[in-house]
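Accompanying notes for the structure given below.
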Amino acid sequence: MQAQNLPASLNAQTEDSIDFLHLLQVVLRSWRSIIGLAIVVSLLTFLWVMRIEPVYRASTTIMIESEMANTVSIEEVYGLPSRMREYFLTQFQIIKNRDIAEAVADELDLWNNPKFAGPVGGGQPVAPGLIRRIKTWLDSVVTLRGSKPPPKLDAEEVRRAAVINRFMANLRVTPVEFTQLVVVSFESTDRQLAADIVNTLARVYIQSQLDAKLESTREAGTWLASRLEDLKLDLETSQQALQEFRDQESILDLAGGTTLAQQELNELTTRLGDARRARIGAENIHRELGGSSDYSVAQLMSMPAVLQHPLVQSLAQSQAEAQQEATNLAKRYGPEHPKMVIANSRRVSSRSELEEQVLQVVTGIEKEYRVARRNEENLAERLAVVKAEVALLNRKEFRLRGLEQQVETDRRLYEMFFNRARETSETMGFQAAHARVVEKAATPLSPIKPDRQRIVMIAFGLSLLAGMGLAILRDQLDTTLSSADDVHQHLHAPLLGVIPNTSLPRGHKGPFLGYLQDVNSQFAEAIRNIRTGLVLSGQEQPQHVVLVTSTNPGEGKSTVAINLAVALAQMETVLLVDADLRRPSVSAAFGLPSQEVGLTDVLEGAEDIEKCIVGVDAGFDILPAGSLPANPQELLSTAQFARLLERLSGSYQRVIIDSAPVNAVSDSLILATRVDSLVYVSLAEATPHKLVRKSLNLLRDKSLPLTGVVLNGVREKNQASYYAGGYYTKPYGG
């Protein structure tokens with residue numbers, strides 16, 4: 001059976017892909033080493049954690065109440081943030097403040113406590129002389145570079161800083177979600193010290209807040225007192241300004257004077273309106289009369305302004321009646337009649353009286369017009385005076401009201417600050433704490449770390465992963481063939497069989513005849529598997545002549561050739577030809593004389609083939625190499641050698657040729673052109689698979705009859721994938 005030639009791209013793709021099944025098999029093959037590594041690491045880890053000093057954690061719970069400053073009504077003067085979240089976050093940071101830590105350290109004298117005052121980092125103290133030399137060297141380097149040396153730190157400051165840093169590193173402040181509680185915890189190798197620290201810290205924190213509030217109250221009281229003096233001075237100044245204004249303006253009751261002036265102003269305004277209307281009426285009548293001296297009485301009496309006068313109307317009515325009476329009597333009596341004389345006398349008298357009254361009315365109308373105009377002018381003048389007086393009173397009242405409002409404002413502000421200052425002074429001696437301890441820290445009974453069991457389990461798990469990683473890494477770095485899977489993965493060639501690694505006797509040299517020593521061994525079974533594969537591969541096309549070769553010397557090609565010949569001899573006639581004309585080993589394996597005639601003698605024509613073939617007890621014949629020639633390749637490439645093989649294949653059912661390694665010389669390539677089958681032997685964990693693949697590719701390129709690969713010397717742990725179930729368990733290490 002000839003191997004199929006695979007494309008280079010497929011080979012590259014197969015090389016680059018990840019075979020997870022192969023990785024699993026690698027891990028399973030190395031499970032003893034992996035478990036051993038995990039156990040050793042776990043044991044070392046256990047010994048290490050047993051030396052670690054246990055750490056205890058003590059916790060106390062503090063409830064922080066929300067509180068707003070109440071110094072003055074203006075809350076932002078000394079008030080806390082209005083948002084509760086910011087307020088609580090601020091309190092958490094105050095708890096972790098270095099000032100609080102220093103106060104706790106002072107109270108518990110942590111400066112001299114060996115848990116804190118030891119060397120920083122927990123290491124061994126460095127010799128002072130070495131420190132001095134290092135500092136001197138660093139100073140010299142800095143001086144050479146032209147830089148100023150760093151300032152020297154006080155040793156006491158460094159020590160105190162180290163103590164505080166250790167304190168802060170072991171302190172934890174954890175708020176309880178959706179509550180006003182905060183858990184303050186401290187970790188220490190001293191259980192009692194851990195409890196004392198958190199309890200002291202809670203007390204110091206609460207006391208510091210009380211002191212801060214008291215100091216704030218004192219500052220507020222001082223500020224209020226100083227501000228109160230200023231406000232009192234402002235009140236006195238405003239009161240004095242009000243009183244001076246009253247004295248200057250002679251004001252007793254400005255509200256009453258303003259009311260009277262306003263009433264008089266309203267009355268004058270009304271009267272001025274009436275006078276203006278009367279003047280307008282008189283002016284209209286006067287304009288209607290015009291120049292009354294130029295009109296007759298009759299013309300004046302025709303004017304509506306005269307006729308509408310009540311006296312004129314009354315006299316006109318009397319004159320009309322006298323005229324009517326005289327007219328009526330004249331119809332009955334004569335002019336001389338006494339009644340007529342009386343009637344005419346009455347008519348003349350009423351007429352003259354009417355004319356006289358008309359003239360008087362005209363004269364009265366002119367006088368009324370002049371009086372109305374003068375009255376209007378007088379009222380207008382008086383109204384202007386009263387308006388000026390009212391405006392002056394209004395200005396005085398506005399000024400007075402401003403001064404009174406200033407006095408009232410200063411009084412209220414003074415009273416407010418006075419009351420607040422009195423409240424501050426009264427509450428200065430008592431301050432309510434805004435936080436309180438809900439649960440005091442008790443001395444912890446069990447340590448929180450190290451969790452020895454967990455650490456050991458983690459170390460065990462990590463060491464398992466590390467062991468598997470190392471096994472996979474070793475497999476990836478291993479460029480040799482170690483199992484049947486490697487043949488398929490790296491060589492892409494048929495696998496005829498796997499020969500287990502066997503234990504050889506001390507000083508053993510040459511091929512190993514394991515099939516003859518124990519036919520029931522795992523080695524013999526492996527040879528039979530190879531025989532079966534070889535026989536089955538020749539069912540379609542007979543493979544009478546079989547060539548056995550390898551990459552390098554010492555890979556077991558002669559062992560495979562000899563033992564395969566023994567196995568095949570149980571089924572057919574077999575001839576084993578030792579064609580390794582440089583380092584023959586077949587004769588030595590069966591104890592034949594080294595100078596015995598053989599293949600080279602036949603090819604050179606010195607001996608007949610029948611005299612050179614030797615039969616052995618294993619049931620097959622051997623054609624030794626004979627004397628070593630100077631030109632092996634020329635002998636093997638002759639037509640005589642080809643005719644010899646043809647003759648031998650006619651005499652034997654199977655001819656097996658043991659040839660030289662491919663990588664050493666090209667003898668095997670010459671022989672491969674004259675055989676029916678080629679068996680390639682590779683030694684496990686010895687030959688790089690790239691070198692083997694290169695040789696196989698060379699065979700494929702020349703279309704040589706490669707039947708399969710035999711992997712020799714496979715360790716028992718790498719045989720699981722080939723011998724499923726481990727049927728043959730007899731060990732043959734080596």
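The values are calculated or read from the model by the stated rules, or taken from the named source; none is laboratory data. Source: prediction; values computed, not measured. Glycine gets a Cβ as well: all are built from the backbone with ideal geometry, and neighbour counts include every protein chain shown. What goes into the accessible areas is simple: the full protein's heavy atoms, side chains included, and nothing from ligands, DNA or RNA. Shrake-Rupley method; radii C 1.70, N 1.55, O 1.52, S 1.80 Å.
Show me the helices (runs of 4 or more DSSP H) entirely contained within region 631-701 in which 2 or more residues are at pLDDT 85 or above, closer than 14 Å to Leu575 by Cβ and not aromatic (Phe, Trp, Tyr). Qualifying helices (runs of 4 or more DSSP H): 639-651.
Of everything in region 24-60 that is assigned to a helix (DSSP H, G or I) and of a type in the set (Ser, Thr, Tyr), the residue that is farthest from Ala169 (Cα to Cα) is Ser33. Looking only at residues of region 169-228 that are closer than 26 Å to Phe417 by Cβ and touching a helix residue (DSSP H, G or I) at 6+ places or on another chain (Cβ under 8 Å), we find that the one that is most open to solvent (accessible area, probe 1.4 Å) is Arg227.
In summary, Asn165 fulfils each of the numbered conditions (1) within 15 Å of Arg98 (Cα to Cα); (2) surrounded by 16 or more Cβ atoms within 10 Å (Cβ to Cβ); (3) among the polar types (S, T, N, Q) with the single exception of condition (2).
For region 32-47, the condition of being of a type in the set (Gly, Ala, Ser), open to solvent by 40 Å² or more (accessible area, probe 1.4 Å) and either touching a strand residue (DSSP E or B) at 6+ places or on another chain (Cβ under 7 Å) or modelled with pLDDT of 85 or more (or both) holds for at least one residue. Checked against the criteria, Leu547 does not count as aliphatic (A, V, I, L, M), in a loop (DSSP other than H, G, I, E, B) and in contact (Cβ under 8 Å) with a residue 24 or more places away in the chain.
For region 505-558, a residue qualifies if it is open to solvent by 20 Å² or more (accessible area, probe 1.4 Å), at pLDDT 85 or above and closer than 22 Å to Glu646 by Cβ, and the qualifying residues are Val535, His544. Taken over region 245-263, the criterion of being loosely packed, with under 14 Cβ neighbours inside 10 Å and either modelled with pLDDT of 75 or more or not in a helix (DSSP H, G or I) (or both) is satisfied by Ser250, Leu252, Asp253. Only one of the numbered conditions (1) over 21 Å from Val27 (Cβ atoms); (2) open to solvent by 60 Å² or more (accessible area, probe 1.4 Å) is not met by Gly402, and that is (2).
Only residues that are at pLDDT 70 or above and touching a helix residue (DSSP H, G or I) at 6+ places or on another chain (Cβ under 9 Å) were counted across region 328-343, and they come to 11. Residues in region 451-462: is at least one at negative phi, part of a strand (DSSP E or B) and either open to solvent by 90 Å² or more (accessible area, probe 1.4 Å) or modelled with pLDDT of 85 or more (or both)? There is no residue in region 451-462 that is at negative phi, part of a strand (DSSP E or B) and either open to solvent by 90 Å² or more (accessible area, probe 1.4 Å) or modelled with pLDDT of 85 or more (or both). Considering the conditions (1) open to solvent by 10 Å² or more (accessible area, probe 1.4 Å); (2) within 60 Å of the chain's Cα centre (by Cα), Val714 is excluded by exactly one of them, (1). Can we say Asp617 is among the acidic types (Asp, Glu) and part of a helix (DSSP H, G or I)? So Asp617 does not fit the description; no. Scanning region 581-602 for residues that are open to solvent by 10 Å² or more (accessible area, probe 1.4 Å), touching a residue at least 40 places away in the same chain (Cβ under 8 Å) and either closer than 14 Å to Leu635 by Cα or in contact with a Leu (Cβ under 8 Å, 6 or more places away or on another chain) (or both) yields a total of 4.
Residues that are open to solvent by 10 Å² or more (accessible area, probe 1.4 Å), modelled with pLDDT under 90, among the small types (Gly, Ala, Ser) and not in a helix (DSSP H, G or I) are absent from region 489-499. Can you pull out every residue in region 520-539 that is part of a loop (DSSP other than H, G, I, E, B), within 23 Å of Leu575 (Cβ to Cβ) and out of contact with any Asp or Glu (no Cβ under 9 Å at 6 or more places or on another chain)? Once the filter is applied, which keeps residues that are part of a loop (DSSP other than H, G, I, E, B), within 23 Å of Leu575 (Cβ to Cβ) and out of contact with any Asp or Glu (no Cβ under 9 Å at 6 or more places or on another chain), region 520-539 yields only Gln539.
Residues considered: Ala625, Ala664, Ala639, Ala660. Of these, the only one that is out of contact with any strand residue (DSSP E or B) (no Cβ under 6 Å at 6 or more places or on another chain) and crowded, with 19+ Cβ neighbours inside 10 Å is Ala660.
When each of Glu107, Glu76 is tested for being of a type outside the set (Phe, Trp, Tyr), open to solvent by 80 Å² or more (accessible area, probe 1.4 Å) and at pLDDT 80 or above, the lone residue that passes is Glu107.
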